[in-house]
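Undergrad: Got a structure for you, written out below as structure tokens; questions coming shortly.
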Amino acid sequence: MDRISELHAAALAVHKNAHAPYSNYFVGTAILTKSGRIFAGCNVENAAYPQGACAEANAIGAMVAAGEREIAAVLSVFAGEPTGTPCGGCRQRIREFAAPNTPIYSCDSTGVRATYTLDELLPHSFGPDHLH
Ligand code: THU
């Protein structure tokens, strides 16, 4: 299996576990690190709505907790049409650990529907380099 198919399988596996009783919008994300490891997360909503967390944020949390810091690719599986893309806040979260040319795959349950670079989704972005 190629790495993109592996990422898709990992994202799909957690997508079904999303806790989304309020939006009923399920998202699963898988991150490939430069070291070759894969971390996944799903969205976890909350009765106190603003406390909900996106799939991308939770996948990044798992990656960081494992001691990884460098994102090589991000793949999210979204439900429904049109196929989603990572929200603005999550684009910034990805920016913290990724390069401008890092690929971001937008998928449905069947596979990749669109491919972007981080820079396409978050141009002229603010990042850690601005603080040095
Ligand atoms: N959501 C994500 O998990 N990732 C995104 O990039 C877009 C939105 C979640 C948040 C919320 O639980 C649901 O999808 C509807 O917005």
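Undergrad: Could you pull out every one of the strands (runs of 3 or more DSSP E) wholly within the range 5-95 that has 1 or more residues that are touching a residue at least 40 places away in the same chain (Cβ under 8 Å)? Give the steps one after another, and end with the answer.
TA: Working: elements: 27-33, 38-42, 71-78.
By residue number, 27-33, 71-78.
Undergrad: May I pose another question? Taking residue 85, is it among the polar types (S, T, N, Q), within 14 Å of the ligand (Cβ to nearest atom) and under 20 Å from residue 125 (Cβ atoms)? Before the answer, list the steps.
TA: Values: among the polar types (S, T, N, Q): yes; within 14 Å of the ligand (Cβ to nearest atom): yes; under 20 Å from residue 125 (Cβ atoms): yes.
Here the answer is yes, as residue 85 does meet what is asked.
Undergrad: Could you grab me the full set of residues in the range 83-132 that are in contact with a strand residue (DSSP E or B) (Cβ under 9 Å, 6 or more places away or on another chain) and hydrophobic (A, V, I, L, M, F, W, C)?
TA: 90, 94, 97, 98, 99, 104, 107, 112, 114, 118, 121
Values quoted throughout were computed directly from the atomic coordinates according to the rules given, and no laboratory measurement underlies them. The structure displayed is predicted, hence computed values, not measured ones. Quick reminder, even Gly has a Cβ in these numbers, built from the backbone with ideal geometry, and neighbours come from all protein chains shown.
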